[in-house]
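Presented below is the structure to which this report refers.
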Amino acid sequence: MPSEVRQPPNQEPRSGAERYVQRDQPPGVPPLELTGERTLPDVPEENYWFRRHLVVYEWVAERCAGLDVVDMACGEGYGCEVLARRAATVVGVDANPEAFEHARLKYTRPGVRFVRELVENYAEPCDAIVFLQTIEHVPDPEGVLRHFRSILRPGGVVFVSTPNVLTLAPPGADRSDNPFHLREYRPEEFEELCASVFDHVELFGVYHARKLRLHELALRLGWDAVHPRLRLTRAFYERFVPAITARDFKIASGPLERALDLVAVLW
């Protein structure tokens, strides 16, 4: 992975070996454990990945004003809360019983509800479908996209995101070591998959901005050789990573080969 688009040290793609549990959950809401399969808020060590996902939810929410939206594979449920700030209604769909129960108890905004179901089976008509950082997990991605298209109302839109294998995998590797990913995509491969089902495909990328962009520049100037010698690595990143916000990422049209994640708008 080129150093200028690398994640901060201790933020490389996660294997799920570490044990982290959400902190400070509302009364009566069982915290979820970080497994590497999905990202979580309220875990400081996970903050880089959470904010990287959150910026896409915020971007999508601005394009869903007044719509009936389904967040497929919604996980912990934080994305439904973001989407509901602009959408008319939001349904979060997830088959995992722990995630479903957590989301149902934690996110109780009017107009938001959760359904425990496989994304391949959920079939209520809607105006927009959101499917973020999950298509790399499914065995039949084309079939899932065809199912989504079948339940869209006329004029509906689907938002899909996935990691860009060009910046996710280690240098020289064909894929990352994430055991939950069945397939990882280059930009052209992701576009081909989407175009096999939808007539219109518009691709965007997620990139570092603000302090994460400064971190990239520091890496190019040799920061990785400096912090270990000064014994600053742990102290620096224990402060730097929790301070990352969604504003430290941006969504733009390219160059897609340098994108961290790929975001497709399909209709």
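The values are calculated or read from the model by the stated rules, or taken from the named source; none is laboratory data. As the structure is a prediction and not an experimental result, all values here were calculated from the model. Because the Cβ atoms are built from the backbone with ideal geometry, glycine has one as well, and the counts that use them run over all protein chains shown. Accessible surface areas use protein heavy atoms only, side chains included; no ligands, DNA or RNA. Shrake-Rupley method; radii C 1.70, N 1.55, O 1.52, S 1.80 Å.
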Handout entry: Candidates R234, R213, R85: whichever shows maximal mean-square fluctuation once the chain is modelled as a Gaussian network with Cα springs under 10 Å
Key = R234
Practice task
Give the Debye-formula value of log10 I(q)/I(0) at each listed q (0.13 Å⁻¹), with one equal scatterer per alpha carbon of segment 37-110, two decimals each.
Solution key: -0.35
Fill in the blank from the handout: Long-range amide H partners of I129, meaning residues 5 or more apart or on another chain whose placed amide H is closer than 5 Å, are V70, V157, V158, F159
Problem - Inverse mean reciprocal Cα-Cα distance (Kirkwood Rh) of segment 75-143, Å - result: 12.7 Å
Completion exercise
Burial-style ranking of 63-74, 218-229, 200-211, 242-253, average other-beta-carbon count within 10 Å with highest first, yields 63-74, 200-211, 242-253, 218-229
Handout entry: For segment 116-243, alpha-carbon Rg and Dmax in angstrom
Key = 19.2, 60
Problem - the chain, helix-only ellipticity at 222 nm - DSSP H runs n ≥ 4, -39,500 (n - 2.57), divided by all residues, nearest 500 - result: -8500 deg cm²/dmol
Handout entry: Solvent-accessible area, 1.4 Å probe, carbon plus sulfur percent, for the chain
Key = 52 percent
Completion exercise
Taking every DSSP bridge whose two residues both lie in the chain, the antiparallel percent to the nearest 5 is 50 percent
Handout entry: Percent of C-alpha pairs per 10 Å bin, the chain, short to long
Key = 7, 30, 37, 20, 5, 1
Completion exercise
Here the relative contact order (percent) of the chain, from C-alpha pairs under 8 Å and at least 6 apart, is 22 percent
Completion exercise
Distance in nm between A235 and R183 label points, each 7 Å along Cα→Cβ, equals 4.8 nm
Handout entry: segment 183-267: Rg to Rh, with Rh as the Kirkwood radius over Cα pairs
Key = 1.13
Exercise for the section: Express in whole angstrom the spacing between the alpha-carbon centres of segment 171-226 and segment 22-50. Expected result: 23 Å
